[in-house]
Amino acid sequence: MLLSQITGPGGLAVVARDGSEAAVVRGAASTYALAVEAAEQGRSLAQVIAAHGLGEAVDLVALAAAGRVTFPVMHPDPAHLHLTGTGLTHLGSAATRDAMHAKPEAEMTDSMKMFRMGLENGRPAPGHEGVQPEWFYKGNGAAAVAPGAALQSPGFALDAGEEPEIAGIYLIAADGTPCRIGWTLANEFSDHVTERINYLYLAHSKLRQASFGPEILVGDLPADIRGTSRIRRDGAVIWEKPFLSGEANMSHSFANLEHHHFKYALFRQPGDLHVHMFGTATLSFADGISTAPGDVFEIEAEPFGLPLKNPLAVEPASGVVQVRPL
């Protein structure tokens, strides 16, 4: 089942679909409200939606073209949505990162060392703890960009590059238990030129906006996911490449990555939402592409329904930020 949210004269509506048949979920104020209901009642999201029932049929493709498909889920207070991620989790991801921080052949980069740690102990047996991955913070809901809306690159940024990823979406239940709502496409938008200067700038390079959606896959994630990432300029494709995800193509298990995020009590605050991105091995930056305002990023993979599309915009330079003493 796929879940999305649409906007209209009557406000927000939740849409569920199997295959091409999509319909509004009756009596659902939001995906967030449905998830809270499921967590409180100890039922699955699918059971809660079945109890609500489906109403009016809708054409999601037409609604997306009209700009009416928005975030598939959002917290009522965006400050309680956390955008985070992990890197060096995919087979092949180390080669891309390693090229940014190349060292003499005899000296292994820190990126390659961390990738090899994941290969050796990133997929522990159930109930056991594996090696922790690279982890980064992107922001809260203020940094989230809806499908179809522009990703804004800061005026001080040195690069504005896409990262096609799978993200897990989680609600923290009243007792502090992380509950997975489902899986979605994400563009973990980053500044790779800043990162390339020095790997210690990774944190700076990740403090950028991100987009996710348009739909959430509820249920099991396929082990082998094959998608396509592309960039259009003035309507023409200037770069396109397949990307692989799912555990069959990763050095870490999802359970291990989830544990190392939610082991921190900070990330188990009741009611909070988390969009946690699981990494990629495919970047246009690695192929020498320099993006420009107006370029459109497109990320698609069959299990996730509609593609995630976002144009690129660049904010004007704001100059030096002055702090006012009180």
Subset of the range 258-308 (residues that are modelled with pLDDT under 95 and under 21 Å from Val15 (Cβ atoms)): Glu302
Condition met for His274 (touching a His at 6+ places or on another chain (Cβ under 7 Å), buried (at least 19 other Cβ atoms within 10 Å of the Cβ) and farther than 27 Å from Ile289 by Cα): yes
Residue within the range 213-233 that is in a loop (DSSP other than H, G, I, E, B), within 19 Å of Pro147 (Cα to Cα), in the same structural domain as Thr84 (by TED's automatic domain parsing) and at pLDDT 95 or above present: yes
Of residues in the range 13-63 being in contact (Cβ under 8 Å) with a residue 60 or more places away in the chain and either assigned by TED's automatic domain parsing to the domain that holds Ile216 or in contact with a Ser or Thr (Cβ under 7 Å, 6 or more places away or on another chain) (or both), the one nearest to Val275 (Cα to Cα): Ala38
Subset of the range 170-189 (residues that are in contact with a Lys or Arg (Cβ under 7 Å, 6 or more places away or on another chain) and more than 16 Å from Glu300 (Cα to Cα)): Tyr170, Ile172, Gly176, Pro178
Odd one out for Arg68, checked against (1) over 30 Å from Leu202 (Cα atoms); (2) modelled with pLDDT under 95: (2)
Residue ID - modelled with the lowest pLDDT, chosen from residues in the range 121-137 that are surrounded by 18 or more Cβ atoms within 10 Å (Cβ to Cβ) and small (Gly, Ala, Ser): Gly122
Among (1) among the small types (Gly, Ala, Ser); (2) in contact with a Pro (Cβ under 8 Å, 6 or more places away or on another chain); (3) at pLDDT 90 or above, the one test that Gly87 misses: (3)
Selection status of Ala95, modelled with pLDDT under 95, more than 24 Å from the chain's Cα centre (by Cα) and outside the structural domain of Gly19 (by TED's automatic domain parsing): no
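The values are calculated or read from the model by the stated rules, or taken from the named source; none is laboratory data. Remember, predicted model here, so these are calculated numbers, not experimental data. Note that each Cβ is placed from the backbone with ideal geometry, even for glycine, and that neighbours are counted across all protein chains shown.
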